Amino acid sequence: MSEGSKGSSLAFGQVVIGPPGSGKTTYCHGMREFLGRIGRKVAVVNLDPANEGMPYPCAVDISELITLPDVMESLKLGPNGGLIYCMEYLEANLDWLQEKLAAFRGHYYLFDCPGQVELYTHHSALKNVFAQMAKWNFRLAAVHLVDSHYCTDPGKFISVLCTSLSTMLHVELPHVNVLSKMDLIEQYGKLAFNLDYYTEVLDLSYLVDHLASDPFFRNYRRLNTKLVEVIEDYSLVSFVPLNVQDKESMRQVMQAVDKANGYSFGDQEHRSLEALMSAAVGADFHFTSTLAVQEKYVQSRDKTVEEEVMDM
């Protein structure tokens, strides 16, 4: 598995990232079980030095190299500074990671990453780790989890879009954005639009108009308009809805990730020509899949959005 020639066979995997509490560890646990049931050998790699009591069997654990409590105590750093130091320490000890990963060659990898947003938006340590792994013939896709209930707040959803776009541009990996915890999507409020509006990130000017109905945000309309223009100009961000406990939901995410990292085009599993062509042209996605998710988790509204705005 040395750089370049040794270990020429490809290894595929997912880099699971996202803010704290977005469900990264739960996702790794659920995806490991799901992939195991369809016959894949899965190795879960914990890269979060603050992660304790993982619910899954851990193939490689960064705590064998460094832990956050030790760093905070010895260097007198806070949690954020400690995490950054841990990632820089990992970057400086890539030979340790390479040796550990080599023991699981032939497995499908799930990398459970820390929840500090700065690590994916502008700090370079993890980005450099992923780039080095590409030289080891790893084909990775980033799975960026965000809480689905942010869709119920237009301001927070715009913030999520900005964070997702910044992460996509910085990490430089094939990217799948996921709205996690779909079963809790309306826990903090109702959706202003249909679910496909948020998953496909459709015309955001409607979201700005809806946000402007709030007297506080009306003063920041020009700022919100410019932020939305940046997101739409790049036209990169979209989401896949996910409920870890729903097999069909997990299958949709798996297909999106397999297409992103190239696994669906390899010879690791038997697949028909129809399935390959479907993955190649994107025909495996249907509007009805998002509609089914909406019918399951989103309560129907008695009033239209326009009527609600008029009421406000």
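Quick one: if you stick a label point 7 Å off each Cα along the C-beta vector at Lys76 and Asn93, how many nm between them?
About 2.4 nm separates the two model spin labels.
What distance in nm separates the simple spin-label points at Ser213 and Leu184, each placed 7 Å from Cα in the Cβ direction?
Placing both labels 7 Å along Cα→Cβ, they lie 2.6 nm apart.
Translational diffusion coefficient of the range 17-116 at 20 °C, 1.002 mPa s, Stokes-Einstein with Kirkwood Rh over Cα pairs, in µm²/s as a whole number.
Translational diffusion coefficient: 151 µm²/s.
Leaving ligands, DNA and RNA out of it, work out the accessible area of Ser9 with a 1.4 Å probe and give it in Å² to the nearest 10.
70 Å²
Leaving ligands, DNA and RNA out of it, report the carbon-plus-sulfur percent of the accessible area of the range 53-157 at a 1.4 Å probe.
Carbon and sulfur together cover 51 percent of it.
Dividing the convex hull volume of the alpha carbon atoms of the range 53-95 by its residue count, what do you get in Å³ per residue?
83 Å³
Give, rounded to the nearest 20 debye, the magnitude of the charge dipole that the range 18-163 has about its Cα centre when Lys and Arg contribute +1 at Cβ and Asp and Glu contribute -1 at Cβ.
It comes to approximately 680 debye.
Any idea what the dipole of the range 128-191 comes to, in debye rounded to 20, about its Cα centre with Lys/Arg Cβ at +1 and Asp/Glu Cβ at -1?
The dipole magnitude comes to about 200 debye.
Only loop residues by DSSP count here, and only those with at most 16 other Cβ atoms within 10 Å; note down the trypsin sites (Lys or Arg not before Pro) in the range 81-155 that meet that.
Listed in order of number, the matching sites are Arg105.
Pop a pseudo-label 7 angstrom from the Cα along the beta-carbon direction at both Lys41 and Ala102 and give the gap in nm to one decimal.
So the two model labels end up 1.7 nm from each other.
If amide H atoms are built 1.01 Å from N in the plane of the peptide, which residues on other chains or at least 5 residues away come under 5 Å of the amide H of Asp48?
Ile62
Calculate one ³J(HN,Hα) per residue across the range 131-140 by plugging θ = phi - 60° into the Karplus curve 6.51 cos²θ - 1.76 cosθ + 1.60, and present them in order as whole Hz with x for glycine and proline.
Residue by residue, the range 131-140 yields 5, 5, 5, 4, 6, 8, 6, 8, 10, 10 Hz.
Taking amide H positions as placed 1.01 Å from N in the peptide plane, with prolines and chain starts having none, which residues 5 or more places from Phe12, or on another chain, fall under 5 Å of its amide H?
Tyr109, Arg139
As a test of reading the structure, rank Lys247, Lys190 by solvent-accessible area (1.4 Å probe, protein chains only), most first.
So the residues, ranked largest to smallest area, are Lys247, Lys190.
Convert each backbone phi in the range 79-93 into a coupling constant with the Karplus relation 6.51 cos²θ - 1.76 cosθ + 1.60 (shift: θ = phi - 60°), then list the ³J(HN,Hα) values in order as whole Hz, x for Gly and Pro.
x, 5, x, x, 5, 4, 4, 4, 5, 5, 5, 4, 4, 7, 10
Over the range 8-71, what lengths in whole Å, largest first, do the semi-axes of the equivalent ellipsoid take, defined as the square roots of 5 times the eigenvalues of the alpha-carbon gyration tensor?
22, 15, 11
Give the accessible area for Lys226 in Å² (nearest 10); use a 1.4 Å probe, count only protein heavy atoms, and leave out ligands, DNA and RNA.
Approximately 120 Å² of Lys226 is accessible to the 1.4 Å probe.
Per residue of the range 14-24, in order, report the coupling 6.51 cos²θ - 1.76 cosθ + 1.60 (Karplus, θ = phi - 60°) as ³J(HN,Hα) in whole Hz, putting x for Gly and Pro.
10, 9, 8, 10, x, x, x, x, 7, x, 5
The values are calculated or read from the model by the stated rules, or taken from the named source; none is laboratory data. This is a predicted model, so every value here is computed, not measured. Quick reminder, even Gly has a Cβ in these numbers, built from the backbone with ideal geometry, and neighbours come from all protein chains shown. These area figures cover heavy atoms from the full protein model, side chains too; ligands, DNA and RNA do not enter into them. Shrake-Rupley method; radii C 1.70, N 1.55, O 1.52, S 1.80 Å.
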